[in-house]
Amino acid sequence: MTAPEGTEILVLGWLASQKDAMLDLVRVLVDIDSGTYDKAGVDAVGEQLRAFLAAHHVASSAIANDRFGDAIWAQVDAVADGAANAPVLLLGHRDTVFPAGEARRRPFRIAQGHGAGPGCCDMKAGLVINAFVLAALARFTAPSSPVTALFTADEEIGSPSSKALIKETARTARAVFNSEPGRPGGGVVTGRKGGKFMRIDVIGKASHAGNSLADGISAIEELARKIVKLHALTDLPNGISCNVGTVAGGQTVNTVAPHATAEVDLRFIRPEEGERALAAIEAIVAETHVPGARASLEITGEFEPLVASDASQRLFEHYAACARSLGQTIEGVFAGGCADSGFAASAGAPTICAVGPIGGRAHSPEEYLDVDSIVPRAQALALAIMRLDAV
């Protein structure tokens with residue numbers, strides 16, 4: 001891969017000068033609570049991004065949603081003379097998993113090269129590099145393809161309001177880069193599991209636990225027997241996991257439980273494996289162990305897997321070569337976590353994920369951002385976009 005030249009040098013040099021500005025925007029975004037169901041907060045993050053884009057002459061618009069945050073669409077559409085390529089798509093989500101007040105309790109801070117704060121790496125720093133890459137391309141070069149970005153609102157629960165938009169936009173994209181956090185050591189995700197989030201509701205019958213135990217129908221016992229069978233579906237060598245993450249139920253300690261609920265997390269590598277596992281779960285829920293108990297199953301969220309293709313492998317190799325030409329170490333990794341990149345890949349677009357700044361321990365108080373990675377990862381993304389015609 002050749003050394004940068006011409007407009008590439010201008011783009012990379014400008015990004016190199018923007019580290020403080022990037023971290024300032026990360027701070028602004030992290031210090032806004034934006035849990036998935038906090039529409040006002042998610043929209044406030046979107047307003048900050050749109051203000052930045054407007055200041056750098058990048059067009060954007062909001063796609064209204066009544067329940068979740070509005071989706072934000074942005075594009076650099078000035079292209080090189082004679083170029084007629086399909087667009088490049090950058091992905092990123094604005095929502096986090098944290099409750100209201102978390103940003104006030106743990107505002108963004110930097111210590112010993114690590115940034116901290118709710119959502120700092122998952123994935124507000126990734127939103128920032130997407131925004132700065134758009135700004136750099138708009139400022140210095142007419143790329144060979146339009147560059148579109150989606151700043152979505154509800155990835156943490158399976159993108160119920162965003163998945164159709166992601167698929168529609170990805171369907172015509174020549175390449176998709178999702179700026180989820182990069183892995184320590186320079187990892188970029190080339191494959192991800194799919195997932196289904198489900199809720200089981202069990203109905204029993206209340207009775208006095210001392211005087212009339214036999215008259216009751218224990219929803220908790222019914223659920224417990226189902227849980228044992230659900231966990232037995234886990235087949236780690238083949239990439240399938242089934243985990244009951246929450247349980248609740250009962251009325252009082254001295255009452256046979258009339259109701260119980262559980263939330264189930266299913267992960268799988270290929271769509272057909274997910275369908276087989278779902279069929280097994282449905283059979284377990286339908287089977288009755290305690291006479292008279294009734295159970296129902298609801299799918300509350302779904303992610304499609306990021307399945308590597310020949311085209312996505314070529315895209316990864318291209319990105320890795322661009323990063324290496326900048327002195328970066330890059331390796332492809334597989335992730336058990338789910339992301340919006342699976343929706344893009346399922347639409348047929350060559351897709352790679354986790355090209356954002358490096359970080360880790362997402363969804364926890366120990367979440368961190370490697371602040372020195374923010375510029376190099378932005379540069380690698382920009383260079384990969386500018387050199388896409390080499391793929």
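Bear in mind these aren't lab numbers, they're just calculated from the coordinates by the rules spelled out. These numbers were taken from a predicted model, which means no experiment stands behind them. Positions of Cβ are backbone-derived with ideal geometry, glycine not excepted, and every protein chain shown enters the neighbour counts.
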Determine one quarter of the surface area of the Cα convex hull of segment 194-300, which equals its mean projected area, and express it in nm² to one decimal. 6.3
Report the local net charge at Gly113: Lys and Arg +1, Asp and Glu -1, summed over other residues whose C-beta lies under 14 Å from its C-beta. 0
At a Förster distance of 30 Å, what's the computed FRET efficiency of Asn85 paired with Glu47, Cβ-Cβ distance as r, to 0.05? 0.45
For segment 145-154, take each phi angle, set θ = phi - 60°, evaluate the Karplus expression 6.51 cos²θ - 1.76 cosθ + 1.60, and give the result in whole Hz per residue in order, putting x for glycine and proline. 9, x, 10, 9, 10, 10, 10, 8, 10, 8
Ratio to report: Rg/Rh of segment 1-136, with Cα atoms as the point set and Rh obtained by the Kirkwood method; give two decimals. 1.01
Among residues other than Ala345 whose Cβ falls under 9 Å from its Cβ, what is the net charge (Lys/Arg +1, Asp/Glu -1)? 0
The residues Thr329, Thr141, sorted from fewest to most surrounding Cβ atoms within 10 Å, come out as Thr329, Thr141
Using DSSP H assignments, which helices in the chain have an axial alpha-carbon span of 20 Å or above and a mean Kyte-Doolittle hydropathy of 0.5 or higher? 125-140
Need one number: nm distance between label points at Glu5 and Asn243, each 7 Å from Cα along Cα→Cβ, rounded to one decimal. 5.0
Starting from 0.36 nm per residue, how many nanometres of slack lie between Glu287 and Ile63 once their C-alpha separation is accounted for? 76.3 nm
Can you give the calculated 222 nm mean residue ellipticity of the chain, where each DSSP H run of n ≥ 4 adds -39,500 (n - 2.57) and the sum is split over every residue, rounded to the nearest 500 deg cm²/dmol? -10500 deg cm²/dmol
Please report the projected area of segment 288-368's Cα convex hull averaged over all directions, in nm². 9.1
Starting with the fewest neighbours, write out Val244, Val45 ranked by other beta-carbon atoms found within 10 Å of each beta-carbon. Val244, Val45
I want to check the label-to-label distance for Asn254 and Ser17. Put each point 7 Å from Cα in the C-beta direction and report it in nm to one decimal. 7.7
Apply 1/(1 + (r/R0)^6) to the Cβ-Cβ distance of Asp31 and Asp389, taking R0 = 56 Å, and write down the FRET efficiency to the nearest 0.05. 0.90
For segment 194-300, with only Lys/Arg (+1) and Asp/Glu (-1) charged at the beta-carbon, what is the dipole magnitude about the Cα centre, in debye rounded to 20? 80
In whole percent, the Cα-Cα distances of segment 178-226 spread across 10 Å bins from 0 upward as 19, 26, 14, 14, 14, 13, 1
Looking only at trypsin sites (Lys or Arg not before Pro) in DSSP loops with at most 15 other Cβ atoms within 10 Å, what is the longest site-free stretch of the chain? 172-360
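Let me know the whole percent of all Cα-Cα pairs from the chain that are separated by more than 31 Å. Working shown, then result.
Values: 30827 of 76245 pairs.
Of all Cα-Cα pairs in the chain, 40 percent lie more than 31 Å apart.
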Taking 0.36 nm per residue of separation between Ile299 and Lys229 and subtracting their Cα-Cα distance, the length gained on full extension comes to 23.4 nm
What is the distance, in nm, between label points placed 7 Å from the Cα along the Cα-to-Cβ direction at Glu317 and at Ile203? 5.8
Extended-chain gain in nm, criterion 0.36 nm per residue less alpha-carbon gap, Asp24 and Glu272: 84.9 nm
